[in-house]
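Structure first, then comments.
Derivation of every value follows stated rules applied to the coordinates shown; laboratory data play no part. Since this is a predicted model, take the numbers as computed values, not measurements. Cβ placement follows ideal geometry from the backbone for every residue including glycine, while neighbour counts extend to all protein chains displayed.
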Amino acid sequence: MSADTATPDLVGPGPRPDGRVRAFLRLVMIEHSVFALPFAYTAALTAMFREDGRVHWGELLLVTVAMVGLRTFAMACNRIIDREIDARNPRTATRELVTGALSVRTAWTGALVALAVFLGAAALLNPLCLALAPVAVVPMVVYPYGKRFTNFPHAVLGLAQAMGPIGAWLAVTGSWSWPPVVLGLAVGVWIGGFDLIFACQDVAADRAHGVKSVPARFGIPAALHGARGSHVVTTALLVWYGALTGAGGFWWTGLAVVAGAFLYEHSIVRPHDLSRLNRAFFTVNGVIGITLFAFALCDLLARGLGG
């Protein structure tokens, strides 16, 4: 009997509930919310500054809950849908759904709870956020299937991640505006670019099993060139966002630091040397998000944002 179909009633006492929770949190890599949250906060706080110059902590809390809920749902769906692919790839063969540390039923339960949390937070924010919630959910479910029908699943991931800043702005203002669209595009292109880098480590397995990606189809050098181009575009979009929102010196200083981080990231990953890929993917990109938010916050405070 496979791990996917086994139930506690058939195989003996199941894991403790708290063990299931920990396994689920490992499955969805909850700590990696750090990649998307800083940009949502940047959008939300900028919108608050433009609205009345004050931080609305209740709204910021709901934005946090919505972002974490949606990301958790997306990651759980990704792991559930991809579990057979993961089982054939040595890098991912130790994931919880492959080893049986977590059942598919439990993973779906966690995913649906996360979706309910997201929808609940959206409903509490404003009617527009709730009405547009499905627009944010659909790309999260489509992305795992992308690698089955397109060589560019990284673009689908980027589209999904672009929703964060846009949604955070809508949460505060309840109305459409172009600055969060530009910031959302910057986030989407950024994450799509570093997904190109991350996918390079799976080229052999992807080609062997028919999984589609830019590195698998066009090769690692092409993927790394694409990532560099993506991050140039990201930088340009962040410049545009700063101009649209009248950003001050702190923002531009932070953007210079981010540009330096991009240069470092691409200097340590080469087509024939992926040994430092995890440093580029996890460490540098985590630093980029947090650093830019820190400078954006300082800029907003310097311009008069109050608590």
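Listed from fewest to most Cβ neighbours within 10 Å, the set 39, 24, 282, 49 follows the order 282, 49, 24, 39. For segment 26-85, a simple Cβ point-charge model (Lys and Arg +1, Asp and Glu -1, everything else neutral) yields a dipole of about 120 debye relative to the Cα centre.
Per q in 0.12, 0.22 Å⁻¹, report the Debye log10 I(q)/I(0) for segment 101-189, using one uniform scatterer on each alpha carbon and no solvent. The Debye formula, applied to the Cα set alone, gives -0.44, -1.10. Evaluated at q = 0.17 Å⁻¹, the base-10 log of the normalised Debye intensity for segment 214-307, with identical point scatterers placed on the Cα atoms, takes the values -0.77. The orientation-averaged projection of the convex hull spanning the C-alpha atoms of segment 14-103 amounts to 7.0 square nanometres.
Phi angles of segment 210-224 translate, via the Karplus equation with coefficients 6.51, -1.76, 1.60 and θ = phi - 60°, into HN-Hα couplings of x, 7, 8, 6, 4, x, 5, 8, 10, x, 5, x, 5, 5, 5 Hz per residue; Gly and Pro are given as x.
Sorted on the mean count of surrounding Cβ atoms within 10 Å across their residues, most packed first, peptides 143-149, 155-161 read 155-161, 143-149.
Each Lys and Arg contributes +1 and each Asp and Glu -1, all at the Cβ; summed about the Cα centre of segment 17-302, the dipole is approximately 760 debye. Put a plus charge on the Cβ of each Lys and Arg, a minus charge on the Cβ of each Asp and Glu, and nothing anywhere else: the dipole of segment 169-307 about its Cα centre is then about 160 debye. Selection among 293, 45, 72 by position relative to the dipole of the chain gives 72 as farthest towards the positive end (Cβ unit charges, Cα centre).
Could you let me know the centre-to-centre spacing of segment 138-191 and segment 259-307, using Cα atoms, in angstrom? After rounding, the separation between the Cα centres reads 19 Å. Phi-derived couplings, Karplus 6.51 cos²θ - 1.76 cosθ + 1.60 at θ = phi - 60°, listed residue by residue for segment 254-264: x, 5, 5, 5, 5, 4, x, 5, 4, 4, 5 Hz, with x used for Gly and Pro. Only DSSP H runs of four or more residues enter the estimate; each adds -39500 (n - 2.57), and after division by the residues of the chain the mean residue ellipticity at 222 nm equals -24000 deg cm²/dmol.
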